[in-house]
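Notes follow the structure.
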Amino acid sequence: MKPSVSACLLSWAIVSLGLAAAPAQETGDDKAAIEAAVESYVKAFNARDAKALAEHWSPEGVYTSRLGGEQITGRDALAEEFAAQFEASENTKLEVATESIEFLSPNVALERGTATVTEPEAEPVKSEYTAVYVQREGRWLIDRVSEEEKLPAPPSHFGQLEDLDWMVGDWIDREGGEAITTQCQWTRNRNFLVRAFMVSIEDRVDVTGMEFVGWDPARKQIRSWVFDSDGGFAEGSWSRSGDRWLVKTKATLPDGRIASSTSILRPLDEDSFTWQQVNRVVGGQLLPNIDEVVIVRQP
């Protein structure tokens, strides 16, 4: 597939962040000259001056296009390519943000930054680049460049889940010789809450398991999935009613029976919440409700 005009222009924009600057005596002066030349280059690009852009390259400079894979060598070839791209697209604008300039030797510099090309009625095209410059002919000229498309930040559904942030932490429900401990934390990008639970009787671990709570963008609701060490699994749908969270769950038990129930969670304060289970059905048989218990945060 042939790359878009804006994408091609971005490629040429990045490779041509060369530096028409007077020679400097100190590294600090060279850095300032590079920064000033980048700014002047942007002005030349936005003025659509293909010849001036090509002059920022060394005579034998080579660029390999990330989009098309072709190699462009030398100022004349670059000038022709720029002219063709400018002719194919009007009102293209360039913005550049230099992130670092490192001097590998008195005559070689490495610049890293981000370039953004925009044109009317099109999404901006961004790319991160690394350019190698050499000091020749009394100027800093670009000799090699590499680039890669700057990807958008991964999506996060934290906005739909943030009201459950109170669940994060270590919790315990202890009655007699039985204890249920839960550890809850966010995954990366806060797209899921992960709850690891363990049921122990006296000093013996009886059941362990994991629960994942996340936002279902297709159903537009919070859902959860539970897997336990006995081989059972379940999925739930979450909804809020006042200060309570209702979790309607359907489960497949290790012996193959189907179960359903509704759990009710009610935060009391930062260090405690209540839990109870109603409408319990296992294998078609209605079971008694589980009375409300208080679960507290562990120190």
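General observations
- Among residues of region 199-214, those that are more than 29 Å from the chain's Cα centre (by Cα) and modelled with pLDDT of 95 or more, counted: 1
- Close pairs from region 235-252: first at positive phi, partner of a type in the set (A, V, I, L, M, F, W, C), Cβ under 9 Å, at least 6 apart: none
- Some residue of region 99-119 being farther than 26 Å from ALA32 by Cα and in a strand (DSSP E or B): yes
- Spans of strands (runs of 3 or more DSSP E) in region 160-213 with at least 1 residues under 17 Å from GLU235 (Cα atoms): 192-201
- Scanning region 215-272 for residues being in a loop (DSSP other than H, G, I, E, B) and under 31 Å from the mean Cα position of the chain (by Cα) gives a total of 5.
- Failed criterion for PHE212 (all others in (1) surrounded by 16 or more Cβ atoms within 10 Å (Cβ to Cβ); (2) touching an Asp or Glu at 6+ places or on another chain (Cβ under 9 Å); (3) over 21 Å from VAL281 (Cα atoms) hold): (2)
- Test: residue in region 270-281 that is at positive phi, touching a strand residue (DSSP E or B) at 6+ places or on another chain (Cβ under 8 Å) and at pLDDT 95 or above: yes
- Just one of the listed residues (ALA97, ALA77) is small (Gly, Ala, Ser), surrounded by 14 or more Cβ atoms within 10 Å (Cβ to Cβ) and in the same structural domain as GLY61 (by TED's automatic domain parsing), and it is ALA77.
- Cβ-Cβ distances below 6 Å connect the following pairs, each with a first residue in region 185-209 that is among the polar types (S, T, N, Q), a second residue that is surrounded by fewer than 12 Cβ atoms within 10 Å (Cβ to Cβ), and a separation of six or more residues or different chains: ASN189/PRO154.
- When residues in region 66-110 are screened for being among the basic types (Lys, Arg), in contact with a helix residue (DSSP H, G or I) (Cβ under 6 Å, 6 or more places away or on another chain) and under 18 Å from SER146 (Cβ atoms), 0 of them pass.
- Condition met for ASP170 (out of contact with any strand residue (DSSP E or B) (no Cβ under 7 Å at 6 or more places or on another chain), under 30 Å from ILE295 (Cβ atoms), surrounded by fewer than 18 Cβ atoms within 10 Å (Cβ to Cβ) and among the acidic types (Asp, Glu)): no
- As a summary of the residue check, ASN107 satisfies the conditions (1) touching a strand residue (DSSP E or B) at 6+ places or on another chain (Cβ under 8 Å); (2) farther than 18 Å from PHE45 by Cα; (3) at pLDDT below 85; (4) not acidic (Asp, Glu) except for the one numbered (3).
- Some residue of region 175-184 being among the small types (Gly, Ala, Ser), without any contact (Cβ under 8 Å) to a residue 40 or more places away in the chain and within 24 Å of LYS51 (Cα to Cα): no
- Evaluation of GLY138 against (1) in the same structural domain as TRP186 (by TED's automatic domain parsing); (2) surrounded by fewer than 20 Cβ atoms within 10 Å (Cβ to Cβ) (one fails), failing number: (1)
The values are calculated or read from the model by the stated rules, or taken from the named source; none is laboratory data. Small disclaimer: the values here were computed from a predicted structure and weren't measured. Heads up, the Cβs are rebuilt from the backbone with ideal geometry, glycines too, and the neighbour counts pull from every protein chain shown.
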